[in-house]
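Single-structure report; data block below.
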Amino acid sequence: MARPERGALHCPECGFVNPEGANYCQKCGAFLANAPREGAEGETTAAYQVDETGELRPVDLERVTAEGATLVIRSGGGRAGEAFELGDEQTRVGRSPESDVFLDDVTVSRNHALLVRRRDGVYIDDLGSLNGTYINRRRIESHKLADGDELQIGKYKLTYLER
């Protein structure tokens, strides 16, 4: 498989690699104005959490990742930057409002995936979801996560961070 050209655009909705200068995704039609460019340096996302009142509260990722693993939404659903600390032995991901990581999208199963802390690290297990769970653009059933891994669940792209 050929490596994408420098300046190529990754669709924030479906991940398709579009040529430089494209305004809309050739696969799904999503607008590409803020799409990440291949080879772009210094891209950052501000992280936040929603507090009890529904207000956005900035998160210091250095402090949070020092305390353990964290998931940060990079794109999807207008929630880029939202962070979820993974403090428990298990963290449920899905469309169910009772999920620890609630992803409101019809392509996300109600009980989509489970993050499990095991002796040798944190794993993500797909729970038989219809559309699958992807790590670094590969569909998985179970995968040991490493710092910086990209998760895709439905239209959401998340980054796994740990120290």
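Just so it is clear, none of the values below were taken in a lab; they were calculated from the coordinates. Since we're looking at a predicted model, the values are computed, not measured. Methodologically, a virtual Cβ is constructed for each residue, glycine included, from the backbone with ideal geometry; neighbour enumeration extends over all protein chains shown.
Annotations
- Spin-label model, residue 89 to residue 31: label points 7 Å out along the Cα-to-beta-carbon direction sit 4.7 nm apart.
- Counting Lys and Arg as +1 and Asp and Glu as -1 over every other residue whose Cβ lies under 9 Å from the Cβ of residue 73, the net charge comes to +2.
- Relative contact order (percent, whole number), the stretch 70-110, Cα cutoff 8 Å, 6+ residue spacing: 27
- Working ranking of peptides 19-29, 101-111 by packing, defined as the average number of other Cβ atoms within 10 Å per residue, highest first, is 101-111, 19-29.
- Counted charge near residue 129, where neighbours are those whose Cβ lies closer than 13 Å (Asp, Glu -1; Lys, Arg +1): 0
- Distance (nanometres) between label positions extended 7 Å along Cα→Cβ at residue 137 and residue 102: 3.3
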